[in-house]
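Taken together, the values in this text are just the output of simple stated rules run on the coordinates, not laboratory data. It should be emphasised that the depicted structure is a prediction, and the values quoted were computed from it without experimental measurement. Don't worry about glycine lacking a Cβ; one is built from the backbone with ideal geometry, like all the others, and counts go over all protein chains shown.
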Amino acid sequence: MNMRFPRPLIAFIVFMVASVTQAQAIPPIQQAQLENGVRVLLMEAHNVPMVSMKLTMSAGSRFDATDKGGTASLLADMLSDHTARHGHIAWDDLLDADAIKLGAGAGRDDFSLSLTVLKDALNTGLDAFSEALLQPGWNKKRFSILKHDAIAAAQKSREEPGVRAAQAAAALLFPQHPYGHRPGGTMASLKRISIADLKTLYAAQIKPADAVLAVSGDITMAELLPLLNARLSVWKGKAARGLMDISPAKGVAGKQRDVALPTTQMLVQLLRLGPARNDADFFPVFVLNHMLGGGGFGSRLMEEVREQRGLVYGVYSYFQPLAVPGPFVITLQTRADQAKEAESVVRDVLAAMASGKISKQQMIASKENLIGSFAQRMDSNRERVGLISMIGLYHLPLDYLSRWQQRVQAVTLDQIRVQAARYLKPEQWNRVRVGPKSAL
Amino acid sequence: MPLRLMFILSLFVSFCVAGASAAELQQATFKNGVKLIVEEDHSAPVAMVQIWLKVGGRDEVPGKTGLAHVFEHMMFKGSKKLAPGEYSKRISAMGGNDNAFTSTDYTAYFETVPASRVNEVIAMEAERFAHLALRDKDFQKEIRVIMEERRMRTEDDPNSRMFEELSAASLRLHPYRNPVIGWMQDLKKLTIDDVKAFYKQHYVPGNVVVVVVGDVDFKQLKKRVASTFGRMKARPVMPRFNPTEPEPFGPKRIVVKLPAQLPMLAVTIPVPVWKPGVNDTEAAALALATHILAGGRSARMSRELVDEKRLAFNTGAGYDESAMGLDLWYAYGMLGSKQTPEAFEKAFWKLLDEMARKPVSSKQLAAAKRNMTAANIFAQDSLYLRAKQIGHLEVVGIGAANRDNWLKAIEQVTPADIQKAVAHWLIRDRSTTGILIPEVKS
């Protein structure tokens, strides 16, 4: 099936930025705290008999030991694979028997364990969820299998220009920094990981004190709390390192990296550091990015590079707001011999916007779209759980969603111009290219 | 993964057939052939509008592949009332998102918007459907964009490329042999006149199904569709190209040499699709067999071929019961550096032979049924998937009214039905095998 615009990108951007529509449409986020410190954040939704939840801790890939990138990711694989009480076959059978969707994953800051179940399987689902969390199996044979499959997948992913670019980008933007590698790791880094590394990470960071459990679905807080207390009260302690125990990367400008890959297109990425999640100017930068290349059709980059010149299928920009400044990225793919032209169009757009050439009309169009589309950004349990756990992990206020539209609306053209001057000067951006040797 | 197969996979995983929570469908058909199907859901003030057309890759003539998909681009390039790009700008200003997708069997345009704006969206959709501008200047730009799309999705992706070759080798007549995005050679030759001729022939009211799911009122919406799409002049509807694929005479195989890192082996087999009331048990048995092979955590391909025998690091299989004419069933194994296509292939067929010989356990069958039912309920959580299921069933000829009958068919399947379906359909003599050999390290 073909799509006019790459949807996964849209989903990605939506997830990262959080959002909200008609204020009356947003159910409140309810908060409770378990005795061991776990913050429970719930948004009720009773239209489908299901419950989704995600437990998030500060234990992502930035806690991987040096040269052992992929440790958190492998820990996620291990925790969901089997437990001390159930070998992997019995475990898979047990979960499938009740259609329990259990998963785990690692981002740069976050490590999460997630569960989606039918309402009538909530009890067995929570049993499995807490068993996976609290009774890891550490089976050596399974570790070896998961590790080897992860290495093979890492090798396969070397065929993908996007993966190669992300690897180069992480190393370029974050030299000697915990954000300097992809969460999945590489063939070489995965090979160096032992089961002891997983146990070390688990013992240090998988703790309840700063954990957030985001829940959305057909349940109330009164129903949920006893179920959680019965299963999670034995879990105790505080993570060795907190979310904010990290120094910002220094920032680089004008650097370049090229990766040779025998493809017909060249992937061109321009990169720099963007705002952190708690940046005081988050909303002005957010609206600015929507105008630049975050808003799909209608954004300046899409208009100039695709609509006016037909050079690409897609060009977009995004920033990843983390505990400290994360990547701000502009990315496009075009036939290799057109790469220079496409890049110079992007740089012209950056220069124009940095010098203040931004119209009020365009700002209004971006704000209208952002504000109007807020409701649909949270119209499923999966999306709501994603937003709520982000709010919890980064300690954003609980009225973040209900005030979101207001804060977008309050952004002024002057504020946007200030941020454009701060972020969009072409000489401050770095470049990664992935494509055929002959065109590099 | 090829576009069509990728699409089938996602459909397979998410295909929802009305669980207890699905609301009732309300339908209306207008004199010119336009159909409206609505599922009201007042839980949030949003609505999903999808315009489904019984037009897709199968309606192209040889040498003009990719033409149906060109419309997915040109529909945003202006109409009598709207300048190029204006359509999306208006949707965006109302806080909506718009997009479109094309398959061999259909084209669909959709918008998620605040519920209060649905009337406006229906009017805009009707206007561009009836009065598309189709200027050569825009076409020349868009065809370049489409070639970039093809380079990105297919030329530079060895898995995709391999599945494209494999589909072409698997079928002799059926249009699933052609890529929806079109062969590059055809894309280079398409002209604005081709586009205009296709538009005239296929963008007719009798090919339109309007699907709306969300916070709307059916009666009010019926009036709106009557005064927009319903007003268009009736025009002849071309019968769709749906040839009978000749039976395979024996196993076929191809080798695809591309720059890649690791080998892959894939198998395709033409199998029947669901015809309600005619082959419910057979189609449902094929779906369950596929789920047991590749669907859940306990999937037999991953358990036996990946975990036990260590012959691949990733496996998958897919069946789309609501394809048109036939479905190209598929299975694949991603192979690590020390895993060989020969060993994987042998073990794969041994597994299928065993499923034909021995009944699956009642525990395994019950889990597969439970997971397919649950997937259906989980999918109710997404307006997009709900509307998509309705539109899809309607345009391929199964009929949205049949959506509840699929799970009923699934419930009825016995271990013997699965054995029978596997023994009859999923056999070497009907298969085509493709092997991706990394020519140079990518």
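Based on DSSP, what percent of beta bridges with both residues in chain A are antiparallel, to the nearest 5? Please list the in-between numbers first.
Details: 45 of 56 bridges.
Taking every DSSP beta bridge within chain A, about 80 percent pair in antiparallel fashion.
Peptides A:234-241, A:172-179: what's the order by average Cβ count within 10 Å, highest mean first?
Values: A:234-241: 13.9, A:172-179: 18.8.
Taking the mean over residues of other Cβ atoms within 10 Å, the ranking is A:172-179, A:234-241.
First check a/c for segment A:350-440, with a ≥ b ≥ c the square roots of the eigenvalues of its C-alpha gyration tensor; if it is under 1.5, answer rounded, and if not, answer prolate when a/b is larger than b/c or oblate otherwise. Before the final figure, lay out the partial values.
On the way: a/c = 2.22, a/b = 1.38, b/c = 1.61.
Judged from the Cα gyration tensor, segment A:350-440 comes out oblate (a/c at least 1.5, b/c at or above a/b).
Applying 1/(1 + (r/R0)^6) with R0 = 51 Å to the Cβ-Cβ distance of A:Ser344 and B:Ser227, what FRET efficiency is obtained, to the nearest 0.05?
Working: r = 49 Å, r/R0 = 0.96.
Step by step, r from the Cβ atoms, then E = 0.55.
Which of the peptides A:219-226, A:261-268 is most tightly packed, and how do the rest follow, going by the mean number of other Cβ atoms within 10 Å of each residue? Intermediate values should be presented prior to the final figure.
Numbers: A:219-226: 13.8, A:261-268: 23.0.
Put in order of decreasing packing, that is A:261-268, A:219-226.
From the phi of every residue in segment A:325-331, what ³J(HN,Hα) in whole Hz does the Karplus formula 6.51 cos²θ - 1.76 cosθ + 1.60 yield, where θ is phi - 60° and glycine or proline is x?
Couplings: x, x, x, 10, 10, 10, 9 Hz.
Which whole-Hz couplings ³J(HN,Hα) result when phi for each residue of segment B:199-207 is put into the Karplus expression 6.51 cos²θ - 1.76 cosθ + 1.60, θ = phi - 60°, listed in order with x for Gly and Pro?
Computed from phi, the couplings for segment B:199-207 are 4, 4, 6, 10, 8, 10, x, x, 9 Hz.
Could you pull the Cα extents of segment B:3-231 along its three principal axes, largest to smallest, in whole Å?
Here the Cα extents, ordered largest to smallest, are 48, 43, 33 Å.
Pull out the extension gain between B:Glu127 and B:Lys200, defined as 0.36 nm times the separation in residues minus the alpha carbon to alpha carbon distance; nm, one decimal. Intermediate results must be reported in sequence, preceding the final value.
Working: separation 73, 0.36 × 73 = 26.28 nm, distance 1.50 nm.
Full extension from B:Glu127 to B:Lys200 adds 24.8 nm.
Please tell me which of these pairs span more than 29 angstrom C-alpha to C-alpha: A:Lys255/A:Lys437; B:Lys309/B:Lys358; B:Lys309/B:Lys388; B:Lys54/B:Lys141; A:Lys255/B:Lys141; B:Lys77/B:Lys233?
The pairs that break the limit, which is 29 Å between Cα atoms, are B:Lys309/B:Lys388; A:Lys255/B:Lys141.
How high is the relative contact order of chain A, in percent, with contacts defined as C-alpha pairs under 8 Å that are six or more residues apart?
Numbers: 849 pairs, mean separation 107.5, N = 440.
Relative contact order of chain A: 24 percent.
Which residue, B:Pro415, B:Ala197, B:Ile398, has the largest displacement toward the positive end of the dipole of chain B when charges sit on each Cβ (Lys, Arg +1; Asp, Glu -1)?
The Cα lying farthest towards the positive end belongs to B:Ala197.
Take every DSSP beta bridge whose two residues both sit in chain B, then give the antiparallel share in percent to the nearest 5.
Restricted to chain B, the bridges split so that about 75 percent are antiparallel.
What number results when the radius of gyration of segment B:119-230, computed over Cα atoms, is divided by 2.2 N^0.38 Å?
Numbers: Rg = 18.6 Å, N = 112, 2.2 N^0.38 = 13.2 Å.
In units of the globular-protein estimate, segment B:119-230 measures up at 1.40.
Work out the FRET efficiency for A:Ala171 and A:Leu398 from their Cβ-Cβ distance, taking R0 = 45 Å, and round it to the nearest 0.05. Can you show the working numbers first?
On the way: r = 37 Å, r/R0 = 0.83.
That pair, A:Ala171 with A:Leu398, gives E of 0.75.
What nm value, rounded to one decimal, do you get for the distance between B:Lys219 and A:Gln361 when each label is placed 7 Å out toward the C-beta?
Placing both labels 7 Å along Cα→Cβ, they lie 4.3 nm apart.
When Cβ neighbours within 10 Å are restricted to other protein chains, what is their mean count per residue of peptide B:139-147?
Mean shielding count: 4.
Kindly flag which residue pairs out of A:Lys147/B:Lys257; B:Lys64/B:Lys408; A:Lys236/B:Lys363; A:Lys367/B:Lys188; B:Lys31/B:Lys188; A:Lys340/B:Lys189 have an alpha-carbon separation exceeding 31 Å in this structure. Let's see the in-between values first.
Details: A:Lys147/B:Lys257 28 Å; B:Lys64/B:Lys408 41 Å; A:Lys236/B:Lys363 37 Å; A:Lys367/B:Lys188 39 Å; B:Lys31/B:Lys188 40 Å; A:Lys340/B:Lys189 26 Å.
Where the Cα-Cα span goes over 31 Å, the pairs concerned are B:Lys64/B:Lys408; A:Lys236/B:Lys363; A:Lys367/B:Lys188; B:Lys31/B:Lys188.
Can you bin the protein assembly as shown into rounded, prolate or oblate? Criterion: square roots of the alpha carbon gyration tensor eigenvalues sorted a ≥ b ≥ c, rounded for a/c under 1.5, prolate for a/b above b/c, oblate for the rest.
Details: a/c = 1.24, a/b = 1.05, b/c = 1.19.
Taking the square roots of the gyration eigenvalues as a ≥ b ≥ c, the protein assembly as shown is rounded.
Treat each spin label as a single point 7 Å out from the Cα along the C-beta direction, and report the A:Ser194 to B:Arg357 distance in nm.
If labels sit at A:Ser194 and B:Arg357, their model points lie 4.4 nm apart.
Once you put a point 7 Å from the Cα of B:Ala366 and another 7 Å from the Cα of B:Leu173, both along the Cβ direction, what distance in nm separates them?
Placing both labels 7 Å beyond Cα along the Cβ direction yields 4.5 nm.
Which whole-number percentage describes the relative contact order of segment A:113-248, with Cα contacts under 8 Å and a sequence gap of 6 or more?
Averaging sequence separation for qualifying contacts and normalising by length gives 26 percent for segment A:113-248.
With point charges of +1 on the Cβ of Lys and Arg and -1 on the Cβ of Asp and Glu, referenced to the Cα centre of chain A, which listed residue (A:Leu270, A:Ala203, A:Ile391) lies farthest in the positive direction of the dipole?
A:Leu270
Let me spell out the model: positive unit charges on the Cβ of Lys and Arg, negative unit charges on the Cβ of Asp and Glu, origin at the Cα centre of the protein assembly as shown. What dipole size does that give, in debye rounded to 20? Let's see the in-between values first.
Numbers: 111 positive and 89 negative charges, 352 e Å.
Here the size comes out at about 1680 debye.
Check which residues have an amide H placed less than 5 Å from B:Glu439's amide H, if you skip close sequence neighbours.
B:Leu258, B:Ala260
Using Cα pairs under 8 angstrom and six or more residues apart, how large is the relative contact order of segment A:24-232, in percent?
Working: 368 pairs, mean separation 79.9, N = 209.
Over segment A:24-232, the number comes to 38 percent.
Take each of the peptides B:322-331, A:181-190, average the number of other beta-carbon atoms within 10 Å over its residues, and list them starting from the highest. Could you put the intermediate results ahead of the total?
Working: B:322-331: 23.8, A:181-190: 21.0.
Highest-to-lowest ranking by the protection proxy: B:322-331, A:181-190.
Which lysines, on any chain, are close to A:Lys360 with Cα under 22 Å apart, when same-chain ones fewer than 8 places away are left out?
Straight-distance partners of A:Lys360: A:Lys425, B:Lys89.
So if I place +1 on the C-beta of Lys and Arg and -1 on the C-beta of Asp and Glu, and nothing else carries charge, what would the dipole magnitude of segment A:24-232 be about its Cα centre? I want it in debye, nearest 20.
With only Lys, Arg, Asp and Glu charged at Cβ, the dipole is about 900 debye.
Can you list the residues, at least 5 places off or on another chain, whose amide H is less than 5 Å from the amide H of A:Asp279, using H built in the peptide plane?
Those lying under 5 Å, H to H, from A:Asp279: there are none.
Under 17 Å from a point 7 Å along the Cα-to-Cβ line of B:Glu342: which residues of segment B:301-326 have their amide N that close?
B:311-312, by backbone N distance to the label point.
Go ahead and collect, in residue order, the members of segment A:175-212 whose backbone nitrogen is under 15 Å from a label point 7 Å along the Cα-Cβ direction of A:Leu134.
A:207-209
Size of the dipole of chain B about the Cα centre, Lys and Arg at +1 and Asp and Glu at -1 on the beta carbon, nothing else charged, in debye to 20? If you can, show how the numbers build up before the last one.
Working: 60 positive and 50 negative charges, 117 e Å.
Magnitude of the dipole: close to 560 debye.
Taking every pair of Cα atoms in chain A, average 1/r, invert it to obtain the Kirkwood radius, and report Rg/Rh to two decimals.
Values: Rg = 22.3 Å, Rh = 22.9 Å.
Value, to two decimals: 0.97.
Looking at the protein assembly as shown, what % of its DSSP beta bridges pair antiparallel, to the nearest 5?
On the way: 91 of 116 bridges.
Taking every DSSP beta bridge with both residues in the protein assembly as shown, the antiparallel ones total about 80 percent.
As I understand it, the dipole of segment B:207-354 uses +1 on the Cβ of Lys and Arg and -1 on the Cβ of Asp and Glu, about the Cα centre. Which of B:Thr290, B:Gly316, B:Ala234 lies farthest toward its positive end?
Selected residue: B:Ala234.
Compute the angle between helix B:415-425 and the longest alpha-carbon principal axis of chain B, please, reported from 0 to 90 degrees and rounded to the nearest 10.
80 degrees
Karplus couplings for segment B:63-77 from phi (6.51 cos²θ - 1.76 cosθ + 1.60, θ = phi - 60°), rounded to Hz, Gly and Pro as x?
x, 10, 5, x, 5, 4, 6, 4, 5, 4, 8, 5, 5, 9, 9
Going 7 Å from the Cα of B:Met238 toward and past its Cβ, which residues in segment B:170-208 have a backbone nitrogen under 12 Å from where you end up?
B:194-204
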